[in-house]
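To start, the structure under review is shown below, and the notes come after it.
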DNA sequence: AAGTGGTCTAGACCACCAT
DNA sequence: TGGTGGTCTAGACCACTTA
């Protein structure tokens, strides 16, 4: 970069944002795999011809987004979707008394379909392109607290099969990450109240017509690329959706 | 601070965290009022006998939490609860089509009461201490989308009256901030689905028993001190609760 | 022109981890 | 002991605002 612009001169964007872009690029290309360490900060500084401070500034951003994880004395690692790590970043259901439990997901249905107009739009596909549909349960303790209807682009997950999904160990996001190198890093959710339909009610163990929380999520990988659509129906008798506004965990 | 510990030597906590603590202290004591500018970074560096870098690191944290706002060329300001600023930090209801509208709050009921055991616990009071109860409407366009039941400690808002609340201009948080110097900086929310009760249904314009979103919020000021309890009942026909996971707005 | 925050650098030293 | 990230400093210069 300093080959192009003299040191200390900002051309268009700040240097650290450019470095951040290059790091994200390498991550999305799989140069560093989930769980693996990145080169040390001094190595990265050499590689991009910037100072360590600038490297740290770029990494800071990715650490805040939980895309990277720093461990003092060990290195900087690509974040994974293993339990206790990014889990609660994407799972906001807690017990009524506030206790967090590990959800146990189970996929109970798998089928292929074609995208309608709305689905295509939300997944950046063309209407009629092939998609995968799944139905997934989230269990906390012995109770099923949520039923997820999931939609994926078939092309992104070409060899995904019912067998693979059923026999996986861990969450779907972990599967996307380890098997397809697709790292879910962001999501948008829309919540509303609804009355539970019969099939879902049976799975949740509530009466048909019981009030349920409906969550529409779009999950994204790097560059805000949408990867998965998920409609979750949550039984909020006994569990709640938890959110913190303005909280800062351990800053960087 | 360097009078006590030699430069470059970390004693217990990092220096910038200590500076952050002192800044928060001054904020909570009202040394710098909402909307006003803090001393410049170089002045603060002199005041606390640290380098500008350390000051910036401390301010960074507070900016991420939206407690402070930086404006290049102008200064660093205490965040306010004016519309377009912290508003959407604490208001997550959007129109079904994703459009954000400014809510128009109106308080329709005001009374005094005594705290029961649970309320006391959540507000850090003793059972039997005096509290204020309010009922508040949130309007978007011509529709009432939420009914809030609010509880405050009477002692914190000693002279608060129905008149003041009704004649205010803006949100309650803005009132707390400007009139009482109490700055809401954080909140915890728990969401669940419920069936709408009769009185609330009438206010929302939905049938009794319609599915509604129920939000239980604890709003806090500095040092995680709870200030306000709020139970919001939201009509999610036409509007939704919106949440983003892993988003990073404009980092610092 | 002066003052503010924003970026970038270079270097010293600390804390932690692995060996 | 050597390598990693974490903290703190000092200084130069850029970008923006205000007067």
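Bear in mind that the values in this text are calculations on the coordinates, not laboratory data. Here the structure is a predicted model, which means the values were calculated and not measured. Virtual Cβ from ideal backbone geometry, glycine too; neighbours counted across all protein chains shown.
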For the stretch B:128-220, take the alpha-carbon Rg, divide it by the Kirkwood Rh, and send me Rg/Rh. 0.99
Going from the fewest other Cβ atoms within 10 Å to the most, one would list B:197, A:240, A:41 as B:197, A:41, A:240
Using only Cα atoms, find the angle between the long axis of helix A:15-28 and the longest principal axis of chain A, and express it within 0 to 90 degrees, rounded to the nearest 10. 50
Checked the stretch A:167-229 against the a/c 1.5 cut and the a/b vs b/c comparison, axes a ≥ b ≥ c from its Cα gyration tensor; verdict oblate
Using the 7 Å Cα-to-Cβ label point, sort the distances from residue B:49 to its equivalents in the other copies shortest first and give them in nm to one decimal. 4.4
Measuring from a point 7 Å out along Cα→Cβ, what nm distances, shortest first, does residue B:36 have to its partners in the other copies? 5.5
GNM top mover of A:136, A:224, A:235 - chain A, alpha-carbon springs below 10 Å: A:224
Ordered by fewest other Cβ atoms within 10 Å, a rough proxy for footprinting exposure, B:113, A:148 read B:113, A:148
Quick one: if you take sqrt(5λ) for each eigenvalue of the C-alpha gyration tensor of the stretch A:95-138, what semi-axes come out, biggest first, whole angstrom? 32, 14, 6
Can you pull the mean other chain C-beta count within 10 Å for peptide A:184-191? 6
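How many partner chain Cβ atoms sit within 10 Å of a residue's Cβ in peptide B:59-71, on average, as a whole number? Don't skip to the end; give the middle numbers.
Values: counts 0, 3, 3, 1, 0, 5, 4, 3, 2, 0, 0, 0, 0.
For peptide B:59-71, the averaged partner shielding equals 2.
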Rotationally averaged projected area of the protein assembly as shown (alpha carbon convex hull; nm²): 27.1
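How would you rank B:82, B:221, B:236, going from fewest to most other Cβ atoms within 10 Å of each one's own Cβ?
B:82, B:221, B:236
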With only alpha-carbon pairs counted, each pair once and no self-pairs, how large is the Kirkwood hydrodynamic radius of the stretch A:106-170 in angstroms? 12.7
Over all Cα pairs of chain A, the Kirkwood radius sets Rh, and Rg/Rh then becomes 1.02
Dividing the alpha-carbon Rg of the stretch A:62-115 by 2.2 N^0.38 Å yields what? 1.60
Inter-copy label distances at residue B:203, 7 Å along the Cα→beta-carbon direction, one decimal in nm, shortest first? 3.5
If you take the C-alpha gyration tensor of the stretch A:51-163, multiply each eigenvalue by 5 and take the square root, what semi-axes do you get, largest first, in whole Å? 32, 24, 13
Can you give the percent of C-alpha pairs in the stretch B:39-88 whose distance is more than 11 Å? 69
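Enter the mean number of other protein chain beta carbons within 10 Å of the beta carbon of each residue in A:192-198, as an integer.
6
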Fluctuation leader among A:64, A:135, A:165 - chain A, Gaussian network, Cα springs under 10 angstrom: A:64
GNM, chain A, Cα, under 10 Å: largest mean-square fluctuation among A:52, A:132, A:184? A:52
Relative to the longest principal Cα axis of chain B, at what angle does helix B:52-64 sit, 0 to 90 degrees, rounded to 10? 10
